[in-house]
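Visitor: Would you mind keeping the following structure in view while I ask a few things?
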Amino acid sequence: MAGADRQAAEAENDQAVDESLDLDGDFAEQQKMMSKRRRAAKDKPEYRLKKALPFAKPFVPTIRPLTVADLEACIALENAAFTQPEHRASPEKLAYRLTVCPEVSLGLFVTIAPEQAKDLGIETLALARPVETGRADGAVSVLLAHAISTRTHGDVVTDADMDYPKDWRARSARVAEPVGHQEGGKTVALHSFAVLPRVHRCGLGQMLMRAFLDQMKSCGLVQRVALICQEHLATYYQRSGYKCLGKSEAQFGGGGWYNMVCKPSSRLSPSQC
């Protein structure tokens, strides 16, 4: 009996060891899955936005048309977003576009108390305007992203569209020009689409693009939105419904651009753009 008992005990112990090994394996697999979920959660735009703007809870942005009063903030954003100076719109070019055709430009803003954000390196903070007079926390409306455009008669963006009449300030009325904004053009030429580096990959670019395309659709005056981008950004714009039409002839900033076009009415069906 003693021998049988020992054999039975050994069998039980063997079974116990096997079960513990299975449990250890299951536990390790569960830990891996939990770690994977945590990494996935941290990669979500919502999580990155909370890290970038920890004071903005909840995050409630304002998207509104830009005016020439926003010029200085737009210049700061343009300089921060485009690391290659030759790819930036000049201050004078931005002033022209915001003065002559502000109706085809949008900005994404967030209300911030300056004291909360002074150490975050937000390039447009110092240029933000007060939300309201006499507010106790001195809150300001800070520009985080912008979309600045003109209109054109062509189907794609050209160097003439990217340019502007150098004597535009001396003109008292909108007149036909060979370069720059073309009043009555059925294509919106989106020249500057910029997001502050601090809030990159936080979903703000897609948010602004949706609002921009919706506005162009609702106005009913244009047939398409066109832009030029570097090849590595084509996929980014395709996610918003743009179609790549191949290499652009534009030589602005050294060339190397690709034509991207989208019809706002079919934004939700990229294959139809």
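Visitor: Listed residues LYS217, LYS263; which is surrounded by fewer than 21 Cβ atoms within 10 Å (Cβ to Cβ), in contact with a strand residue (DSSP E or B) (Cβ under 8 Å, 6 or more places away or on another chain) and at pLDDT below 95?
Guide: Being surrounded by fewer than 21 Cβ atoms within 10 Å (Cβ to Cβ), in contact with a strand residue (DSSP E or B) (Cβ under 8 Å, 6 or more places away or on another chain) and at pLDDT below 95 holds for just one of LYS217, LYS263, which is LYS263.
Visitor: So, of the residues in segment 101-135 that are touching a Lys or Arg at 6+ places or on another chain (Cβ under 7 Å) and among the β-branched types (Val, Ile, Thr), which turns out to be nearest to MET207 (Cα to Cα)?
Guide: Going through the qualifying residues, I end up with VAL104.
Visitor: Further question: Can you pull out the helices (runs of 4 or more DSSP H) entirely within segment 53-126 that have at least 2 residues that are among the aromatic types (Phe, Trp, Tyr) and over 18 Å from GLY138 (Cα atoms)?
Guide: By residue number, no helices (runs of 4 or more DSSP H) qualify.
Visitor: Identify, please: which residue in segment 181-212 is surrounded by 16 or more Cβ atoms within 10 Å (Cβ to Cβ) and touching a Cys at 6+ places or on another chain (Cβ under 9 Å) and is, among those, nearest to VAL100 (Cα to Cα)?
Guide: Checked segment 181-212; the qualifying residue nearest to VAL100 (Cα to Cα) is HIS181.
Visitor: Taking segment 111-140 as the region of interest, how many residues are in contact with a helix residue (DSSP H, G or I) (Cβ under 9 Å, 6 or more places away or on another chain) and either buried (at least 21 other Cβ atoms within 10 Å of the Cβ) or among the charged types (D, E, K, R) (or both)?
Guide: Total meeting the criteria: 9.
The values are calculated or read from the model by the stated rules, or taken from the named source; none is laboratory data. Computed from a predicted model, the values in this text were never measured in an experiment. Glycine also receives a Cβ, built like all others from the backbone with ideal geometry; neighbour counts cover every protein chain displayed.
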